[in-house]
């Protein structure tokens, strides 16, 4: 078994990791051919579709409108043996729906540590103020690349040294 195979996460581990994550890096294809990477708070569905909201006039939205292929990265760890992450290659879809955008904002802000009432409890004028200029972006995964270096370290650490 290769080192790559040893660090790969299972589907359940990927799901758990993404659901526990706070922020991701979104990479779109910029108009000059260079990657455009931006941090985003996000929500994730049971089928691992990733959602986030952003301003409709943002560069990332213009990039997605031109080319819907994106990469997402959720990663963590400081020391080599702690490095974990999931990279998703997928296609982004821009959705202009106030209710869905607000619901995603509430979920994403909750991940960031900000508590808001459920989207259904917010008055329309508050929703319009929050998300009037925003869109929802859904990324449907096409490929997952994952790593958990703790698996590699555990395989090479003598039993007596493991915690």
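Based on this model, can you work out whether residue 64 counts as within 27 Å of residue 149 (Cα to Cα), touching a strand residue (DSSP E or B) at 6+ places or on another chain (Cβ under 7 Å) and part of a helix (DSSP H, G or I)? When the stated conditions are applied, residue 64 does not pass them. Screening residue 110 against (1) within 30 Å of residue 150 (Cα to Cα); (2) in contact (Cβ under 8 Å) with a residue 24 or more places away in the chain; (3) in a helix (DSSP H, G or I) leaves a single unmet condition, (2).
Of all residues in the stretch 95-107, those satisfying the criterion of being outside any strand (DSSP E or B) and surrounded by fewer than 16 Cβ atoms within 10 Å (Cβ to Cβ) are 96, 97, 99. The numbered conditions (1) more than 28 Å from residue 12 (Cβ to Cβ); (2) at pLDDT below 95; (3) touching a strand residue (DSSP E or B) at 6+ places or on another chain (Cβ under 9 Å); (4) crowded, with 17+ Cβ neighbours inside 10 Å are all true for residue 127 except (3). When the stretch 46-68 is filtered for residues that are more than 21 Å from residue 87 (Cα to Cα) and exposed (fewer than 14 other Cβ atoms within 10 Å of the Cβ), the ones remaining, listed by number, are 55, 57, 65, 66. Among the residues of this structure, residue 92 does not count as one that is part of a helix (DSSP H, G or I) and either touching a residue at least 12 places away in the same chain (Cβ under 8 Å) or within 19 Å of residue 19 (Cα to Cα) (or both). If the condition is being out of contact with any helix residue (DSSP H, G or I) (no Cβ under 9 Å at 6 or more places or on another chain) and farther than 15 Å from residue 108 by Cα, then the stretch 18-51 contributes 27, 32, 33, 34, 35, 37, 47. For the criterion of being within 24 Å of residue 29 (Cα to Cα), at pLDDT 90 or above and in a strand (DSSP E or B), residue 86 passes.
When 48, 73, 26 are screened for being part of a loop (DSSP other than H, G, I, E, B), closer than 24 Å to residue 113 by Cα and touching a strand residue (DSSP E or B) at 6+ places or on another chain (Cβ under 6 Å), only 48 passes.
The values are calculated or read from the model by the stated rules, or taken from the named source; none is laboratory data. Remember, predicted model here, so these are calculated numbers, not experimental data. We place every Cβ from the backbone using ideal geometry, glycine too, and count neighbours over all the protein chains shown.
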